Amino acid sequence: MSMTVRRLSRAATAALVAAAALTAAAHSAEAADTLGSAAAGQGRYFGTAVAASHLGEADYVSTLDREFTSATPENEMKWDATEPSRGNFTFGAADQVVNHAQSQGMDVRGHTLVWHSQLPSWVGSLGASDLRTAMNSHINGLMGHYKGEIHSWDVVNEAFQDGGSGARRSSPFQDKLGDGFIEEAFRAARAADPAAKLCYNDYNTDGVNAKSNAVYNMVKDFKSRGVPIDCVGFQSHFNSASPVPSDYRQNLQRFADLGVDVQITELDIEGSGSAQAANYTKVVEACLAVDRCAGITVWGVTDKYSWRSSGTPLLFDGNYNEKPAYDAVLSALGGSADPGDPGDPGDPGDPGDGASCTATYTRTADWSSGYNGQVTITAGSEPIGSWTATVTLPAQQSVSSLWNGTPAWSGNVMTVRPSWNGTLAAGASTSFGFTVAKNGSDAAPSVGTCTAS
């Protein structure tokens with residue numbers, strides 16, 4: 001099995017990411033004048049699809065790095081790109097996206113593990129037994145390579161038909177493995193990376209209809225039987241023929257009420273001017289109205305590289321100019337394109353000298369060789385623009401992965417800064433988590449004082 005060697009040493013990676021986080025934290029302590037910083041102030045991420053082939057373009061990279069706090073590889077993690085022949089994994093292009101995102105302190109969404117499209121021909125030619133083995137091996141190979149580095153995975157993508165039937169879509173997986181393949185994929189994904197959030201992702205499920213009802217019933221069944229599912233992705237590709245549904249928020253809410261996060265995963269809205277801006281506002285306001293709406297990803301940085309470029313569906317035009325839709329989204333998120341001097345003591349959002357925070361620790365999962373820990377950061381009586389917390393591990397233990405934070409190490413002391421979740425309103429909370437290898441010690445780590453800025 002050939003794999004691209006990607007990882008730096010943990011110390012080198014931590015130093016690189018920590019340096020980027022310091023820059024991001026300094027920026028987020030200022031007024032919310034970008035999509036990412038404004039969304040963070042609302043407890044959400046704001047992400048985009050990223051193409052490795054455009055990372056050499058200066059304007060593309062500067063816009064990506066300035067505005068977004070989450071990245072989704074556009075095509076680089078799909079099956080044809082990562083396992084073109086059976087058992088031979090290639091991660092080069094996906095690694096470019098992940099490495100760049102990590103260098104900027106962004107979270108990464110994994111897209112996608114099991115999908116009927118962009119499959120290499122060898123997958124469809126397998127018999128049922130071989131296909132089951134191949135599906136599970138692909139999940140293990142792809143998730144294993146990025147274990148601990150992906151915030152959320154689209155485990156299964158687009159498994160239901162359009163139209164009024166609510167039936168499953170014909171695919172090699174459905175036709176040969178039957179209805180159980182989705183559950184099997186989610187169980188395999190949980191075993192491959194227990195720390196990652198596991199999502200089902202689909203399109204034309206944005207309002208209440210036969211297709212979204214079928215997905216809803218599946219998720220409800222999974223939750224009732226303990227099948228591991230953490231989130232549902234709503235692609236949200238809109239145009240004049242398929243506008244933002246009037247019951248969009250209500251639909252997101254009913255899924256959230258099942259006990260899963262909802263994520264807007266591939267947002268683009270064809271059009272221009274005030275009409276496009278108004279539709280983007282509807283989507284953002286719907287997400288903000290649903291507590292478990294974790295964030296929004298637009299499907300691309302600039303109109304010129306959009307898969308629907310003729311419809312100019314994104315927030316930046318072909319010259320990377322901010323469109324009216326950009327201003328509308330920023331405003332809906334509570335940000336401002338011209339915030340003034342963030343250090344002005346009259347600015348009500350400026351963290352004052354009395355800014356403070358607390359850090360509390362909880363063990364969220366435990367097994368014989370390791371455990372998952374979570375540290376909750378809570379702002380004091382004033383808003384904060386960033387925070388820092390230290391975690392001291394027992395000498396024998398080691399951290400194998402960390403999420404929602406960026407670490408720097410000194411011996412067995414881990415200093416964690418926010419990756420995107422630094423800005424907190426007074427009394428608001430966020431958290432970061434980590435997976436620990438016990439190495440013979442079951443002792444709890446010690447969490448130091450939280451420092452706010």
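Derivation of every value follows stated rules applied to the coordinates shown; laboratory data play no part. All values derive from a computational prediction rather than experimental measurement. Positions of Cβ are generated from backbone atoms using ideal geometry, with glycine treated the same way; all protein chains shown enter the neighbour counts.
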- Item | Extreme residue, positive dipole direction of the chain, given options GLN397, ALA167, VAL232 (C-beta unit charges) | GLN397
- Item | Of (1) 98, 41, 40; (2) 69, 50, 46; (3) 64, 61, 44, the label for Cα extents along the principal axes in Å derived from the coordinates | (3)
- Could you pull out every residue, at least 5 positions away or on a different chain, whose amide H is within less than 5 Å of the one on THR406? Hs are placed 1.01 Å off N in the peptide plane, and Pro or chain starts have none. ARG417, SER419
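When the chain is fully extended, how far beyond the present Cα-Cα distance does SER137 get from SER336, taking 0.36 nm per residue of separation? Mind showing how you got there, number by number?
Working: separation 199, 0.36 × 199 = 71.64 nm, distance 4.69 nm.
Result for the pair: 67.0 nm of gain on full extension.
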- Normalise the Debye intensity by I(0) for the range 115-262, one equal point scatterer per Cα, no solvent, then take log10 at q = 0.20 Å⁻¹ and round to two decimals. -1.32
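What FRET efficiency comes out for the pair ARG363/SER103, r = Cβ-Cβ distance, R0 = 51 Å, nearest 0.05? Show your work: numbers first, answer last.
On the way: r = 31 Å, r/R0 = 0.60.
Here the calculated transfer efficiency is 0.95.
Do the alpha carbons of any pairs in LYS176/LYS197; LYS78/LYS197; LYS147/LYS220; LYS223/LYS438; LYS147/LYS197; LYS147/LYS176 sit beyond 21 Å of each other, and which pairs? Don't skip to the answer; put the middle values down first.
Values: LYS176/LYS197 27 Å; LYS78/LYS197 18 Å; LYS147/LYS220 27 Å; LYS223/LYS438 30 Å; LYS147/LYS197 12 Å; LYS147/LYS176 29 Å.
Violating the 21 Å Cα-Cα cut-off are LYS176/LYS197; LYS147/LYS220; LYS223/LYS438; LYS147/LYS176.
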- Message: Quick check on the chain: helices-only [θ] at 222 nm, where DSSP H runs of length 4 and up contribute -39,500 (n - 2.57) each and the sum goes over total residues. Nearest 500, please.
- Response: -9500 deg cm²/dmol
- Note on the structure: In order over the range 406-412: 3J(HN,Hα) from phi, Karplus 6.51/-1.76/1.60, θ = phi - 60°, whole Hz, x for each Gly or Pro, gives 10, x, 10, 10, 9, x, 9
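Would you mind working out the magnitude of the charge dipole of the range 183-270 relative to its Cα centre, with +1 at each Lys and Arg C-beta and -1 at each Asp and Glu C-beta, to the nearest 20 Debye? Spell out each step's value before the answer.
Details: 9 positive and 13 negative charges, 75 e Å.
Here the range 183-270 has a charge dipole of around 360 debye.
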- Ellipsoid semi-axes in whole angstrom, largest first, where each is sqrt(5λ) of the Cα gyration tensor of the range 378-429: 25, 11, 8
- Message: Can you compute the modelled spin-label distance between THR392 and SER453, with each label point 7 Å from Cα toward Cβ, in nm?
- Response: 2.3
- Those helices of the chain passing the 15 Å axial Cα length cut-off and the mean Kyte-Doolittle cut-off of -0.5 (DSSP H runs only) are 10-28, 92-103, 128-145, 181-192, 273-289
- Query: Size of the dipole of the chain about the Cα centre, Lys and Arg at +1 and Asp and Glu at -1 on the beta carbon, nothing else charged, in debye to 20?
  - Reply: 1600
